[in-house]
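Right, one structure below, let's go through it.
The values are calculated or read from the model by the stated rules, or taken from the named source; none is laboratory data. Being a predicted model, the structure only gives us computed values, none of them experimental. We place every Cβ from the backbone using ideal geometry, glycine too, and count neighbours over all the protein chains shown. Surface accessibility is based on the protein's heavy atoms, side chains included, excluding ligands, DNA and RNA. Shrake-Rupley method; radii C 1.70, N 1.55, O 1.52, S 1.80 Å.
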Amino acid sequence: MKTKEETHTLIEKDQKHLWHALYKDIDGANPIIATSGEGSWFTDIDGNRYFDGVSGLWCLNLGHGRKEIADAAAAQMMKLSYSPLTISHEPAIELAAKISELLGGGEYKTFFSNSGSEANETAFKIARQYHAQNGNPGKYKFISRYRAYHGNTLGALSATAQANRRHRYDPPAPGFLHVHPPYRYRSPFGDTPEADIIAANMLEEMIVWEGADSVAGVIMEPFISGGGVIIPSDGYLQRVAEICEKYDVLLIMDEVVSGYGRTGKMFGFMHYEGVQPDIITMAKGLTSGYLPLGATAVKAEIYESFKGSGHNNQFRHVSTYGGHPASCAVALKNIEIIERENIVAKVDYQSNEILSELRTLVDHANVGDVRGVGFLYGIELVEDKVTKVPSSDAFVGSIIAACKQKGVIIGKNGDTIPGFSNVLIIAPPLSSTEDDLTFLVDTVKAAFGM
Ligand code: PLP
């Protein structure tokens, strides 16, 4: 461990030179400085250990310290340290083929990038170019849902329908529209599955009112994650897919959070029978956070229009590091471990008990709703269960602080929608042990005095 003086020097340097994400720079407030990790836990510079109840930024799915993954990266770096995807390399070929196999429902062709934001940007460009090359150059608009986050770059941020995240970065790029989410707890149409179908029908209405010949795609997560863990009823996504097909609108599924087992299926859309998205974007769990990688998988039929020697038929898009050989090697090893350790089935099995434990919290006066799927949970806090007025930042913060004090990091939908930073978010590493998960649940309950 570092001496007090060394720690002090590091904090000073941090405050002087390092710009943190989503961080209010308030005098005297220091971020946690993480120094090492083991499984689902990490240790800070003062020697405090924390259970990471949000998997870093929902990505550390297999936990810290998987030597096999580190070895795969090192071996690849020694064998072929870099190669652009203007030519090809083995790990990218194998990974693209594996992604196609995992997605089911026919062949997919994958374009690699470095992050979830880039994977979504790539999807938007592919969708517009596809329509243009298919005789529909007027189709350029994208529809997403209020409360959804799709990334930090200006296109992905324009699809992000969270006013606070866009504050001072607006105006958004033209052509991005937003529609009601399937948010039963606060739906004006009631807390019933039919309310979610009405939300889907509102999407159809928007497409018709905008003119279907101007709409290129709909982008959505199967479950809104960072916007407050919003879980649609069965039937919602099927209805959305039906609407997209009817109006020749591409269904872009953002699986950046929900992919690779987070929801108890390999991909979140697989919870909805019969749905096979046109484009699927992924990042985070693709490498379990060990190295950066984004991917945009496109149905082979869509790729058809990018073939041939026609003028400008090719996708005019390149990323220096997208599909880096080491990142692809890490992703392949990550997927091998997910399959070998039956991680997806384990999450599916363990999630029921965790969710039923967390649901006991609704007995607390300030817990309005508890939602979840797989290892993704949201606890919506309210001042009053009848009016559903959101809890104050101070109350939400006090629960997070109580968990942290007992050694558990949990999150919230912070700074997304004005006045609604009131959903606690829990998303533990998928490989967490039974003991880890019991500790997590017990700590969260204790924070509510239960
Ligand atoms: N899409 C979703 C649903 C996300 O939650 C995120 C990030 O949290 C992104 C896209 C953007 O991913 P990245 O931070 O890797 O750019």
Do we find that G308 is out of contact with any Gly (no Cβ under 9 Å at 6 or more places or on another chain) and free of Cβ contacts under 8 Å to residues at least 24 places away in the same chain in this structure? yes
Out of curiosity, is T43 polar (S, T, N, Q), open to solvent by less than 60 Å² (accessible area, probe 1.4 Å) and within 16 Å of the ligand (Cβ to nearest atom)? no
Quick check: is even one residue across region 184-206 within 16 Å of the ligand (Cβ to nearest atom) and open to solvent by 30 Å² or more (accessible area, probe 1.4 Å)? no
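Here is a yes/no grid of residues against (1) within 22 Å of the chain's Cα centre (by Cα); (2) of a type in the set (A, V, I, L, M, F, W, C); (3) within 16 Å of the ligand (Cβ to nearest atom):
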position: K4; (1), (2), (3): no, no, no
position: V54; (1), (2), (3): yes, yes, yes
position: L60; (1), (2), (3): yes, yes, yes
position: L85; (1), (2), (3): no, yes, no
position: F112; (1), (2), (3): yes, yes, yes
So which of I379, I417, I426 ends up being open to solvent by less than 60 Å² (accessible area, probe 1.4 Å), closer than 18 Å to C59 by Cβ and in contact (Cβ under 8 Å) with a residue 12 or more places away in the chain? I426
Any hit, region 340-354, residues being open to solvent by 40 Å² or more (accessible area, probe 1.4 Å), of a type in the set (D, E, K, R), without any contact (Cβ under 8 Å) to a residue 40 or more places away in the chain and touching a Leu at 6+ places or on another chain (Cβ under 9 Å): yes
Among the candidates I243, I335, single out the residue that is part of a helix (DSSP H, G or I) and more than 30 Å from D369 (Cβ to Cβ). I335
Pick from region 364-419, criterion of a type in the set (S, T, Y) and over 25 Å from the mean Cα position of the chain (by Cα), ranking: farthest from R49 (Cα to Cα): T387
Answer yes or no as to whether A300 is among the small types (G, A, S), assigned by TED's automatic domain parsing to the domain that holds A156 and surrounded by 17 or more Cβ atoms within 10 Å (Cβ to Cβ). no
Output for region 313-327, where each listed residue is part of a loop (DSSP other than H, G, I, E, B) and buried (at least 24 other Cβ atoms within 10 Å of the Cβ): G322, G323, H324
Going through (1) of a type in the set (A, V, I, L, M); (2) within 12 Å of the ligand (Cβ to nearest atom); (3) surrounded by fewer than 21 Cβ atoms within 10 Å (Cβ to Cβ) one by one, I93 fails only at (2)
Somewhere in region 156-177, is a residue more than 16 Å from the ligand (Cβ to nearest atom), within 18 Å of P222 (Cβ to Cβ), open to solvent by 60 Å² or more (accessible area, probe 1.4 Å) and outside the structural domain of T387 (by TED's automatic domain parsing)? no
Just the residues that are open to solvent by less than 30 Å² (accessible area, probe 1.4 Å) and within 24 Å of the chain's Cα centre (by Cα), please, taken from region 62-83. L62, G63, I69, A73
Restricting attention to region 356-410, report how many residues are closer than 25 Å to P222 by Cβ, among the small types (G, A, S) and not in a helix (DSSP H, G or I). 4
Residue ranges of helices (runs of 4 or more DSSP H) in region 154-215 with at least 3 members more than 26 Å from N136 (Cα to Cα): 163-166, 193-210
Residue hits (region 276-312; in a helix (DSSP H, G or I) and among the β-branched types (V, I, T)) are I302
Every residue in region 2-17 that is part of a loop (DSSP other than H, G, I, E, B) and surrounded by 10 or more Cβ atoms within 10 Å (Cβ to Cβ), please. K2
State whether one or more residues within region 358-374 are open to solvent by 50 Å² or more (accessible area, probe 1.4 Å), in contact with a helix residue (DSSP H, G or I) (Cβ under 6 Å, 6 or more places away or on another chain) and modelled with pLDDT of 95 or more. no
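Residues checked against (1) within 16 Å of the ligand (Cβ to nearest atom); (2) among the aromatic types (F, W, Y); (3) assigned to a helix (DSSP H, G or I); (4) outside the structural domain of I280 (by TED's automatic domain parsing):
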site	(1), (2), (3), (4)
G106	no, no, no, no
K109	no, no, no, no
E118	yes, no, yes, no
T122	yes, no, yes, no
R128	no, no, yes, no
A132	no, no, yes, no
G135	no, no, no, no
K139	no, no, no, no
F142	yes, yes, no, no
Hey, among the residues in region 243-259 that are of a type in the set (D, E) and crowded, with 24+ Cβ neighbours inside 10 Å, which one's farthest from the ligand (Cβ to nearest atom)? E255
What's the number of the only condition in (1) away from the ligand (no atom under 16 Å from the Cβ); (2) touching a Phe, Trp or Tyr at 6+ places or on another chain (Cβ under 8 Å); (3) of a type outside the set (F, W, Y) that E304 fails to meet? (2)
